[in-house]
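Okay, here's the structure, questions in a sec.
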Amino acid sequence: MIEREPLVITAAICGAETMKSSNPAVPYTAAELAAEAARCFEEGARVIHLHVRRPDGTPTQDRDTFQAAIEAIRRVAPDVIIQTSTGGAVGMTVDERTQPLELKPEFCTLTTGTCNFGDEVFENSFPMIRSIAAKANVNGVRMEIEAFDAGFVDNALRLAKEGVIPAPLHFDFVLGVPGAMTGTDDRLDFMRSIIPPEATWMVAGVGRFELSLAAAAIARGGHVRVGLEDNSFISRGVLAKGSWELVAEVRKMADAAGVPVATPEQARRILSIPRR
Ligand code: KMH
Ligand code: ZN
């Protein structure tokens with residue numbers, strides 16, 4: 001048994017890119033999002049990273065669509081922390097991306113750099129990052145720093161020094177995006193080595209790196225994000241039945257390593273998100 005905090009698992013249940021044509025379990029409607037969130041919570045997820053869709057699956061950051069999804073999730077999983085995306089989909093403006101912050105969610109993402117994203121570019125210039133962070137601060141929303149590459153960590157540290165991102169810092173290393181840093185364990189070790197010792201961290205492995213990086217994070221004292229936003233498969237060539245199956249797999253890894261999964265209250269303490 002290793003000495004570490006209990007494990008916080010985040011479920012990225014929807015995303016903006018994965019469609020039902022790739023995995024039929026990707027939720028689109030508020031009812032589907034709520035059912036998936038409840039199942040993930042039962043399996044041990046304590047945070048739901050939330051995107052929303054139009055009925056045909058098109059990604060949107062529409063405020064009312066987020067509100068409907070959040071209310072539906074709250075009804076079935078009142079103890080889960082809901083983290084709204086400010087990344088949205090590639091090409092969206094800051095105004096579009098930040099609509100869910102007007103709902104004053106407890107938690108949101110903040111990507112602190114620009115990178116290639118497949119054949120597209122996920123744009124996050126300093127003015128864009130500052131403007132998203134300002135809106136999160138005005139609305140009292142705790143931020144998770146999404147670092148797709150090492151420079152994103154340096155940018156976040158610079159913005160933290162300026163007071164744009166409040167302490168304590170919490171990093172999500174998003175590794176394995178085609179066009180950014182790959183998802184090998186040595187990349188994770190480098191990312192860990194450049195954050196302040198008091199910061200908390202987790203890893204979101206994309207594609208085939210999802211479960212290998214989950215295991216690496218558990219062994220290194222970090223936290224984990226899994227779900228259909230990042231990866232469609234439970235094993236090579238086998239579609240996951242839902243994000244919940246990926247959460248259950250992480251829970252099995254934690255059990256095998258003797259690491260307890262955080263209770264909802266422990267997750268709030270670890271992530272510095274007091275219950276409202
Ligand atoms: N959909 C990606 C381009 C976030 O949620 O904050 C961005 C993303 C990051 O998913
Ligand atoms: Zn996302």
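The values are calculated or read from the model by the stated rules, or taken from the named source; none is laboratory data. Computed from a predicted model, the values in this text were never measured in an experiment. Quick reminder, even Gly has a Cβ in these numbers, built from the backbone with ideal geometry, and neighbours come from all protein chains shown. In case anyone asks, the SASA skips ligands and DNA or RNA and just uses the protein heavy atoms, side chains included. Shrake-Rupley method; radii C 1.70, N 1.55, O 1.52, S 1.80 Å.
Say we look at the range 89-99 and pick out the residues that are open to solvent by 10 Å² or more (accessible area, probe 1.4 Å) and polar (S, T, N, Q); which of these is nearest to ligand 2 (Cβ to nearest atom)?
Among those that are open to solvent by 10 Å² or more (accessible area, probe 1.4 Å) and polar (S, T, N, Q), it is Gln99.
Mind listing just one residue for me: the one in the range 234-244 that is in contact with an Asp or Glu (Cβ under 8 Å, 6 or more places away or on another chain) and more than 18 Å from Gln83 (Cβ to Cβ) and, of those, most open to solvent (accessible area, probe 1.4 Å)? Give the derivation first.
Just the residues of the range 234-244 that are in contact with an Asp or Glu (Cβ under 8 Å, 6 or more places away or on another chain), to begin with: 234, 242-244.
The next check asks that each one be more than 18 Å from Gln83 (Cβ to Cβ); those that pass are 234, 242.
On the way: Ile234: 31, Gly242: 0 Å².
Among those residues, the one meeting the criterion is Ile234.
Going by what's in this entry, would Thr200 be described as within 21 Å of Ile81 (Cβ to Cβ), of a type in the set (S, T, N, Q) and modelled with pLDDT of 95 or more? Walk me through it before giving the result.
Numbers: within 21 Å of Ile81 (Cβ to Cβ): yes; of a type in the set (S, T, N, Q): yes; modelled with pLDDT of 95 or more: yes.
The answer is yes for Thr200.
Taking the stated definitions as given, is Ile165 within 16 Å of ligand 2 (Cβ to nearest atom), touching a strand residue (DSSP E or B) at 6+ places or on another chain (Cβ under 7 Å) and of a type in the set (A, V, I, L, M)?
When the stated conditions are applied, Ile165 does not pass them.
Please work out which residue is surrounded by the most Cβ atoms within 10 Å (Cβ to Cβ), limiting yourself to the range 100-119 and to residues that are out of contact with any Phe, Trp or Tyr (no Cβ under 7 Å at 6 or more places or on another chain) and assigned to a helix (DSSP H, G or I).
Leu101
Identify, by number, the condition in (1) over 20 Å from Val259 (Cα atoms); (2) away from ligand 2 (no atom under 16 Å from the Cβ); (3) not in a helix (DSSP H, G or I) that Trp201 doesn't meet.
Only one criterion is unmet by Trp201, namely (1).
With the requirement that a residue be farther than 18 Å from Gln266 by Cα, assigned to a helix (DSSP H, G or I), more than 16 Å from ligand 2 (Cβ to nearest atom) and not charged (D, E, K, R), what does the range 37-63 give you?
The one that is farther than 18 Å from Gln266 by Cα, assigned to a helix (DSSP H, G or I), more than 16 Å from ligand 2 (Cβ to nearest atom) and not charged (D, E, K, R): Ala38.
Can you find a residue that is open to solvent by less than 10 Å² (accessible area, probe 1.4 Å), in a loop (DSSP other than H, G, I, E, B) and at negative phi anywhere in the range 64-71?
Scanning the range 64-71 turns up no residue that is open to solvent by less than 10 Å² (accessible area, probe 1.4 Å), in a loop (DSSP other than H, G, I, E, B) and at negative phi.
Do we have Thr86 as polar (S, T, N, Q) and either crowded, with 20+ Cβ neighbours inside 10 Å or at positive phi (or both) here?
yes
Taking only the range 1-36 into account, find how many residues are open to solvent by 40 Å² or more (accessible area, probe 1.4 Å) and not in a loop (DSSP other than H, G, I, E, B).
The total comes to 3.
Checking the structure you have, find out if any residue of the range 145-157 is closer than 16 Å to Thr93 by Cβ, away from ligand 1 (no atom under 12 Å from the Cβ) and open to solvent by 40 Å² or more (accessible area, probe 1.4 Å).
no
Looking only at the range 209-222, which residues are closer than 19 Å to Ala262 by Cβ and open to solvent by less than 10 Å² (accessible area, probe 1.4 Å)?
Residues of the range 209-222 that are closer than 19 Å to Ala262 by Cβ, as a first pass: 213-222.
The answer is Leu213, Ala214, Ala216, Ala217, Ile218, Gly222.
Turning to a different aspect of this structure: So which residues in the range 37-61 are open to solvent by 40 Å² or more (accessible area, probe 1.4 Å) and within 16 Å of ligand 1 (Cβ to nearest atom)?
Arg54, Thr58
Could you tell me which numbered condition Ile218 fails, if it satisfies all but one of (1) among the hydrophobic types (A, V, I, L, M, F, W, C); (2) in contact with a helix residue (DSSP H, G or I) (Cβ under 9 Å, 6 or more places away or on another chain); (3) more than 21 Å from Asp185 (Cβ to Cβ); (4) in a helix (DSSP H, G or I)?
Going through (1) among the hydrophobic types (A, V, I, L, M, F, W, C); (2) in contact with a helix residue (DSSP H, G or I) (Cβ under 9 Å, 6 or more places away or on another chain); (3) more than 21 Å from Asp185 (Cβ to Cβ); (4) in a helix (DSSP H, G or I) one by one, Ile218 breaks only (3).
From (1) in a helix (DSSP H, G or I); (2) within 15 Å of ligand 2 (Cβ to nearest atom); (3) open to solvent by 10 Å² or more (accessible area, probe 1.4 Å), pick out the condition that doesn't hold for Glu229.
(1)
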